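Take a look at the structure set out below.
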Amino acid sequence: MDSLLKDKNTEDIGKMFDDIAPGYDCLNHFLSFNIDKYWRARLIRLLQKENPAHILDVATGTADLALATAKRLPHTHITGIDIAEKMLEKGRKKIIKNNAAIHIELRKAAAENLPFADNTFDSVMVAFGVRNFQHLNTGLREMLRVAKPGKKIFILEFSKPRGLFKFIYTMYFRLYLPFAGRLISGNKKAYQYLHDSVVAFPEGNGFLDIMKQNAYCHTCLRRLSGGIATIYTGEKEKII
C-alpha cells in the first residue's frame, strides 16, 4: 500500500491535492463517468428536507458540493473548509463565475480542528473527504461539535460493492483509475492513493459503528449505484 496512506498526515494530503488541483474537476467527472454529480444530488435531496440556514461543507475541495447545494437551496449560507489552498483558489473562481459569492465562503482549515464555535451549523456535510482525515475519530467529533443539537451530519463516501459488480469495480479501481489518473494528471501517487484509501476505509456498517462510538445518534446508510458510494447520516443528540 502506498506510503502516503500508511504515513498519512494533513500536510502531505493537502500538498497532493494542491498538485492535482488544475485538472481535478474534469478528471474526476471523466473517471467517474459523471456519476459523482448524481451522488451529490442524492445527498442534497436529503439535505433539502432539513431546510438548513447555515451549512458547513467539510473537505469542500473546489466547492462542487457547495455550489450544487446553493443552487437547490438559494436561501442557505454555506461555509466550506479544506486543507488544500489551491483547491480553494479554484473553488473561489468557480463561485465568482456562478455568482454565488453571497451564498458561499471558503476557508482553509482541517476537519480535525474546525475554527468554529460549538453548535454553529444547521447541517454539516462532507463528500469524498472523510477517508482523507488524518485522525478519523477527531474529525467526526469536530463535525458533531459544531453542529447544532438535533441537526444532521451527511457523509458521502466511496464504498465497496458486492456480488458480480464487485469484480468489475475492483478491476476499474485497481487498474484503470490509477493508470488513467496518472496519464492525464501526471501525478503517480494521487490516484493510487485514491484506490488505497477506498480499500482501507471502514465502510458500511463498520463506519456506522464508528459514528456511534463518536456519539452520533440515529445513524443510517444509503448505498448508491450498487454500493460504489454510500451516504451516511447521523444526528447530534438533542438537548432536553
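Any read-out appearing in this document is the output of simple, stated calculations on the displayed coordinates, not a laboratory observation. Because the structure is a prediction, the values reported are computed rather than measured. Neighbour counts run over all protein chains shown; Cβ positions are idealised from the backbone, glycine included.
Do the sum for the chain: with -39,500 (n - 2.57) for every DSSP H run of n ≥ 4, divided by all residues, what is the mean residue ellipticity at 222 nm, to the nearest 500 deg cm²/dmol?
-13000 deg cm²/dmol
Whole-Hz ³J(HN,Hα) for each residue in segment 156-163, computed from phi via Karplus 6.51 cos²θ - 1.76 cosθ + 1.60 with θ = phi - 60°, x for glycine and proline: what do you get?
My calculation for segment 156-163 gives 9, 8, 5, 9, 10, x, 10, x Hz in order.
Could you line up 171, 16, 87 from fewest to most neighbouring Cβ atoms inside 10 Å?
Listing 171, 16, 87 from fewest to most nearby Cβ atoms yields 171, 16, 87.
Quick one: 57, 209, fewest Cβ neighbours within 10 Å first, how do they rank?
209, 57
Which is the longest part of the chain that has none of the GluC sites (Glu not before Pro) sitting in a DSSP loop with at most 16 other Cβ atoms within 10 Å?
Formally, the longest exposed-site-free interval is 51-236.
Relative contact order, percent, of segment 30-173 when contacts are C-alpha pairs under 8 Å separated by at least 6 residues?
Values: 235 pairs, mean separation 33.2, N = 144.
Result for segment 30-173 is 23 percent.
Which value, in Å³ per residue, describes the convex hull spanned by the Cα atoms of the chain?
Per-residue hull volume (Cα only) is 114 Å³.
Given 25 °C and 0.890 mPa s, compute D for segment 103-154 with the Stokes-Einstein relation, Rh being the Kirkwood radius over Cα pairs; round to the nearest whole µm²/s.
214 µm²/s
Within the chain, what is the longest stretch that has no trypsin sites (Lys or Arg not before Pro) placed in a DSSP loop and near at most 16 other beta-carbon atoms within 10 Å?
Answer from the scan: 50-161.
If I model a spin label at residue 174 and residue 35 as a point 7 Å from the Cα along the Cα→Cβ vector, what separation in nanometres do I get?
1.8 nm
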